[in-house]
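> Quick one: the structure is below, questions incoming.
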Amino acid sequence: MQIVFIGPPGSGKGTQCQMLAGVLGIPHLSTGELLRRTRGRSPLGDLVSSYIDRGCLAPDFLILPLVMRLLEQQDFASGCLFDGFPRTVYQAGYLRGHLASIGQQVSVVLHLNVDEEELVSRLEARAVLEGRADDHRSGISQRLKIYRRRTEPVLAFYHNSGLVCEVDGQQSPDDVHRAIMAKIQGLLGT
Ligand code: AP5
Ligand code: MG
């Protein structure tokens, strides 16, 4: 299965993908994690930091080769849990083209809905606990702004194909997971 998670910063994409990866045995691809692993260790890493630490999207010439290299690995033959990709309509079209070239398509798009107040409170709490470089006030507001402007249109892209499932992401992590499992089991007919 090719499962795409779409949701604003702090909506639980990473948390839910980790839980689902364990149950479904499908690898989790977080483009944010991929970028964080390359930040700050080389001239390329400095370039990555200059985008992600401010909450701006990394350019496609950086992100697309990273994603495509991973998807070509054997681990991803059975599918993927996409966390943070595609993030623009261009990336969604690119992914559609890639999947079509291997005879596959996106199975479902899970849209995590969470109120803005709750998102900010989760990210501010994480800033204290983990100190992620983009969890500062201006980084959070920039990520939210870019989400509304660049990523929400991706939902319209997938709505036209009837692929979007709405998920209430405001519940506890376990309840969100149960809601997602129910939707996936419905799709699989199990
Ligand atoms: P990315 O790493 O994807 O960050 P994000 O979209 O800002 O989202 P987060 O990781 O902050 O939140 P999440 O939805 O994963 O929630 P989480 O489970 O962590 O991207 C980072 C940056 O990389 C981007 O800004 C951009 O610069 C760049 N980038 C990434 N992909 C790109 C792309 N495709 N193209 C270009 N640039 C790209 O949960 C958040 C917190 O809430 C945690 O502390 C968690 O424990 C808690 N929590 C989770 N669920 C719940 C719940 N149900 N109840 C209470 N607390 C919860
Ligand atoms: Mg995440």
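> Every residue in region 175-187 that is in contact (Cβ under 8 Å) with a residue 60 or more places away in the chain and either more than 10 Å from ligand 1 (Cβ to nearest atom) or among the acidic types (Asp, Glu) (or both), please.
Filtering region 175-187 for residues in contact (Cβ under 8 Å) with a residue 60 or more places away in the chain gives 176-177, 180-181, 183-184, 187.
Across region 175-187, the qualifying residues are Ile180, Met181, Lys183, Ile184, Leu187.
> Among the residues of region 1-30, write down those that are of a type in the set (Val, Ile, Thr) and either open to solvent by 10 Å² or more (accessible area, probe 1.4 Å) or near ligand 2 (Cβ under 9 Å from one of its atoms) (or both). First the steps, then the outcome.
Residues of region 1-30 that are of a type in the set (Val, Ile, Thr), as a first pass: 3-4, 6, 15, 23, 26.
Thr15, Val23, Ile26, listed by residue number.
> Turning to a different aspect of this structure: Inside region 13-32, can you point out the residues that are within 11 Å of ligand 1 (Cβ to nearest atom) and either in contact with a Phe, Trp or Tyr (Cβ under 7 Å, 6 or more places away or on another chain) or assigned to a helix (DSSP H, G or I) (or both)?
Correct list: Lys13, Gly14, Thr15, Gln16, Cys17, Gln18, Met19, Leu29, Thr31, Gly32.
> A further question on this structure: Restricted to region 43-55, and to residues that are small (Gly, Ala, Ser) and either touching a residue at least 12 places away in the same chain (Cβ under 8 Å) or farther than 20 Å from Arg69 by Cα (or both), which residue is nearest to ligand 1 (Cβ to nearest atom)?
This residue is Gly55.
> Further, regarding this structure: Take region 1-10 and flag every residue that is under 10 Å from the mean Cα position of the chain (by Cα) and either among the small types (Gly, Ala, Ser) or near ligand 1 (Cβ under 6 Å from one of its atoms) (or both).
Across region 1-10, the qualifying residues are Gly7, Pro9.
> Same structure again: Has region 79-92 got at least one residue that is among the basic types (Lys, Arg) and part of a helix (DSSP H, G or I)? If you could, list the steps in order and put the result at the bottom.
Start the filter on region 79-92 by keeping residues that are among the basic types (Lys, Arg), which leaves 87.
With part of a helix (DSSP H, G or I) added as a condition, the list becomes none.
The answer is no, given that none of the residues of region 79-92 is among the basic types (Lys, Arg) and part of a helix (DSSP H, G or I).
> Specify which of the listed residues (Ser141, Ser121) is of a type in the set (Gly, Ala, Ser), touching a residue at least 12 places away in the same chain (Cβ under 8 Å) and either loosely packed, with under 15 Cβ neighbours inside 10 Å or not in a strand (DSSP E or B) (or both).
Ser141
> Considering only region 85-110, state which residues are open to solvent by 10 Å² or more (accessible area, probe 1.4 Å) and under 10 Å from the mean Cα position of the chain (by Cα).
Arg87
> Which pairs turn up if I take residues in region 18-41 that are free of Cβ contacts under 8 Å to residues at least 60 places away in the same chain and look for partners that are aromatic (Phe, Trp, Tyr) and within 12 Å of ligand 1 (Cβ to nearest atom) with beta carbon separation below 7 Å, at least 6 apart in sequence or on another chain?
Listed by first residue and then by second, the contacts come to Leu29/Phe82; Leu29/Phe85; Thr31/Phe85.
> Now for a different question. Does region 54-64 include one or more residues that are open to solvent by 50 Å² or more (accessible area, probe 1.4 Å) and more than 17 Å from the chain's Cα centre (by Cα)?
Yes; the residues of region 54-64 include at least one that is open to solvent by 50 Å² or more (accessible area, probe 1.4 Å) and more than 17 Å from the chain's Cα centre (by Cα).
The values are calculated or read from the model by the stated rules, or taken from the named source; none is laboratory data. Here the structure is a predicted model, which means the values were calculated and not measured. All Cβ positions, glycine included, derive from the backbone under ideal geometry; neighbour counts span all protein chains shown. In case anyone asks, the SASA skips ligands and DNA or RNA and just uses the protein heavy atoms, side chains included. Shrake-Rupley method; radii C 1.70, N 1.55, O 1.52, S 1.80 Å.
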